[in-house]
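Read-outs throughout are calculated quantities, based only on the coordinates presented, and are distinct from any laboratory measurement. Just so you know, these numbers come straight off a predicted model, no measurement behind them. Because the Cβ atoms are built from the backbone with ideal geometry, glycine has one as well, and the counts that use them run over all protein chains shown.
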Amino acid sequence: MKDILNAPFMVEMIRTTTNMYAHGWDERNGGNISLLLDDAEVEDYLDTSAVLRRIPTGFKAPELEGKYFFVTGTGKYFKNVQYAPDVNLGIVRIADEGGTAELLWGFADGGKFTSEFPAHMMSHVARLKADPKNRVVMHCHPANLLAMTYVHTLDEREFTRTLWQMCTECVVVFPEGVSVLPWMLCGTNEIGEATAEKMLVSRLTVWSQHGIYGAGKDLDETFGLIETAEKAAEIYMKIAHLPRLNTITDEQLHITAEYFGVRVREGYLNI
Ligand code: 13P
Ligand code: ZN
C-alpha cells in the first residue's frame, strides 16, 4: 500500500485549498471541495474493506452508489489543510443509495464532510450527466462575485453578459454562461437540488449574497474557472459606478467565440 500523503490527489487538494485561502476566497471555514476519485486510484492507497465510520447523509443519490469522494470537512479552515490533512479532509464511499457515506480515511478528530454535502453530491450527479469527465465540485466566497450580487440584477442572462463584457477571455472560458440562484438557506437539500438543476446547463452557479459553485474535470480547471469569473466581477466592481465609454460588443463576443471554437449560450447575444 502506498503512502496516501504522497498521492497526487492529496498533493493537489492541499495545494488547491491553500491557494484558495491565499486568494481570500475561504475565510474561516468558508468553502468546500469534493473530488470524485477513481476506484483504482483509491485502492492503491487504502484498504477499501476497512470502513472507519458510517455517516448518514440525509439525502438520496443512487447514481453515486459505490463512488469514492475526497471531501473537505465541515467547520474546517482551508488555511489549516496543509498542516493536518487527515483532520480537515476525508475520503468516503457512497452507500445506501446515497443515504450513507462510509468513511475510509480522514476526519480524524471525529469530524465529518462539509455541511454542503447535498449540494456537492447532487451537483456531481448533474455534471456527470452533462460531462462524464467531470470530477470536481468547488464552493467558495470570492468577494467581488459576492459584491456583484448586491448591486447587479440577478437575471442570469444579464449577469452573464456583464461578466463576458469585463474580460475578453470570459466568453471563451465559460461560453455556457453563469447560473444565478437567489438567496437561499445554505446546507439544505433544497439549495442542493436548486444548484444541481443549474449545474445541468452551466459549470458556474452563483449563490446570491453567499458565494459561487464551480465544477470541472480537475481541481486546476475548476479553480481557473472561478478565478476567471471572479476577475471579471472585480473589474465590474471597479467600473460599475463610472461612466462606461467602451465595452466589448456583442459582435466582438461573437467573433471571439467563433475564433476559439466555443458555443455561446443560445440567445445570450443580441445578434
Ligand atoms: P462547511 O464548513 O460545512 O464546509 O461550510 C462552509 C460554507 O461555505 C457553507 O456554505
Ligand atoms: Zn459557503
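What shape does the stretch 74-148 have by the C-alpha gyration tensor, where a ≥ b ≥ c are the square roots of the eigenvalues, rounded means a/c under 1.5, and otherwise prolate means a/b greater than b/c and oblate the rest?
Working: a/c = 2.02, a/b = 1.03, b/c = 1.95.
It is oblate, given that a/c is not under 1.5 and a/b is not larger than b/c.
Please work out whether the stretch 101-144 counts as rounded, prolate or oblate from its C-alpha gyration tensor, where a ≥ b ≥ c are the square roots of the eigenvalues and a/c under 1.5 means rounded, while otherwise a/b larger than b/c means prolate and anything else oblate? Verdict is oblate for the stretch 101-144. Across the chain, the longest run free of exposed loop sites, meaning chymotrypsin sites (Phe, Trp or Tyr not before Pro) lying outside DSSP classes H, G, I, E and B with no more than 15 other Cβ atoms within 10 Å, spans 84-182.
Distance from the alpha carbon centroid of the stretch 120-159 to that of the stretch 2-61 works out to 20 angstrom. What FRET efficiency comes out for residue 169 versus residue 63 if R0 is 41 angstrom and r is the Cβ-Cβ distance? Round to the nearest 0.05. The formula returns an efficiency of 0.80 here.
Write out the trypsin sites (Lys or Arg not before Pro) in the stretch 221-271 meeting two conditions: DSSP loop, and at most 14 other Cβ atoms within 10 Å of their Cβ.
Working: sites: 231, 238, 244, 263, 265; in loops: 244, 263, 265.
Answer by residue number: 244, 263.
Going down the list 198/238; 133/238; 112/133; 60/133, which pairs span over 24 Å between their C-alpha atoms? Provide the component values of the computation, followed by the final result.
On the way: 198/238 28 Å; 133/238 36 Å; 112/133 26 Å; 60/133 22 Å.
With Cα atoms farther than 24 Å apart: 198/238; 133/238; 112/133.
Arrange the following residues from fewest to most other Cβ atoms within 10 Å of their Cβ: 115, 123, 34.
115, 34, 123
For residue 217, the aspartates and glutamates whose Cα comes closer than 12 Å to its Cα, not counting residues fewer than 8 places off in the same chain, are 131.
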